[in-house]
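*Asks:* Would you mind keeping the following structure in view while I ask a few things?
The values are calculated or read from the model by the stated rules, or taken from the named source; none is laboratory data. No experiment lies behind these values; they were computed from the predicted model shown. Positions of Cβ are generated from backbone atoms using ideal geometry, with glycine treated the same way; all protein chains shown enter the neighbour counts.
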Amino acid sequence: MIFTTSQQFSTLLGLLTIIPAGHGAVCFKLEDKIIYVDPYSQTTDYTGYPKADIVFFTHDHFDHYDTKALKHLVTAKTMFVGPPCMEQHLTLEKTMNNGDSWRWENIDIRAVPAYNILNKRPDGQPFHPKGYGNGYVFTFGDIKVYVSGDTELIPEMDDLGPIDIALLAKNLPYTMSDDQFVQAVKKIGARVVYPVHYFELDKAALEKAVGEKVKLIYQ
């Protein structure tokens, strides 16, 4: 299948194709391995997309755990990975809490925090409490890819280590404001950044704010 929005990167594990799939969803194709994160049918028609070897979930909100999308992608061999909140929905191959690491098919995966500090529901609870959901750092050989999940700018971004490619959520009130997004880009230091999860985007303003050394790739 030809993905019109895909980008390819050479890694020590082979050719990595990154296919942003609308909202917070992404597909990674590493040679013959197919990895999805949070597939979402309202932004992408997954008919004809390759079947999943493994699906990672950041959390179980409807726009990240979407059974309609999964019907197109899941086989009897597909594995699921996610935080503890996903255990009520699926049988997980691996449950990952913030800080956990796991290795699958020579790919190292680290679950990292994703949460709100400022933005809260009317009852005072954050939209995404700390510890409820995950972001993920995937190490594809010599390339590290950070998938932020639904998060604001958080102190733990200082501890991610060198990141080559980042998929960063940007929308209010659920994730990052434009200013937080720009701060996150500079904090993380990735040279390639995908804004995701956004409803609207001022591309010219963001590109000016992050600087010429950062390549923004849009869905």
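*Asks:* Answer yes or no: is there a residue in the stretch 104-124 that is buried (at least 24 other Cβ atoms within 10 Å of the Cβ), polar (S, T, N, Q) and under 23 Å from I19 (Cβ atoms).
*Replies:* There is no residue in the stretch 104-124 that is buried (at least 24 other Cβ atoms within 10 Å of the Cβ), polar (S, T, N, Q) and under 23 Å from I19 (Cβ atoms).
*Asks:* Check whether at least one residue in the stretch 88-97 is part of a loop (DSSP other than H, G, I, E, B) and within 17 Å of the chain's Cα centre (by Cα), and report yes or no.
*Replies:* The answer is yes; a qualifying residue exists.
*Asks:* Which of the following residues is under 21 Å from Y36 (Cβ atoms), β-branched (V, I, T) and in contact with a strand residue (DSSP E or B) (Cβ under 8 Å, 6 or more places away or on another chain): V196, V185, V210?
*Replies:* V196
*Asks:* Please go through the stretch 132-163 and give me each residue that is of a type in the set (D, E, K, R), touching a residue at least 60 places away in the same chain (Cβ under 8 Å) and surrounded by fewer than 20 Cβ atoms within 10 Å (Cβ to Cβ), ordered by number. Spell out the reasoning first.
*Replies:* Within the stretch 132-163, the subset of a type in the set (D, E, K, R) is 142, 144, 150, 152, 156, 158-159.
Next cut, touching a residue at least 60 places away in the same chain (Cβ under 8 Å) only: 142, 150.
Answer for the stretch 132-163, where residues must be of a type in the set (D, E, K, R), touching a residue at least 60 places away in the same chain (Cβ under 8 Å) and surrounded by fewer than 20 Cβ atoms within 10 Å (Cβ to Cβ): just D142.
*Asks:* Now for a different question. Are any residues in the stretch 9-28 among the hydrophobic types (A, V, I, L, M, F, W, C), surrounded by 15 or more Cβ atoms within 10 Å (Cβ to Cβ) and at pLDDT 95 or above, and if so, which ones?
*Replies:* Answer for the stretch 9-28, where residues must be among the hydrophobic types (A, V, I, L, M, F, W, C), surrounded by 15 or more Cβ atoms within 10 Å (Cβ to Cβ) and at pLDDT 95 or above: F9, L13, L16, I18, A25, V26, C27, F28.
*Asks:* Okay, moving on. When only residues in the stretch 193-215 that are more than 14 Å from the chain's Cα centre (by Cα) and surrounded by 16 or more Cβ atoms within 10 Å (Cβ to Cβ) count, which is nearest to L12 (Cα to Cα)?
*Replies:* So the residue we want is V214.
*Asks:* Here's another thing I want to ask about it. Looking only at residues that are in contact (Cβ under 8 Å) with a residue 12 or more places away in the chain and among the acidic types (D, E) in the stretch 30-74, which one is surrounded by the most Cβ atoms within 10 Å (Cβ to Cβ)? Lay out the reasoning, then the answer.
*Replies:* Start the filter on the stretch 30-74 by keeping residues that are in contact (Cβ under 8 Å) with a residue 12 or more places away in the chain, which leaves 30-31, 33-44, 46-61, 63-66, 68-70, 72-74.
Applying the additional criterion that residues be among the acidic types (D, E) yields 31, 38, 53, 60, 63, 66.
Details: E31: 12, D38: 26, D53: 19, D60: 18, D63: 18, D66: 21.
Residue satisfying both the conditions and the ranking: D38.
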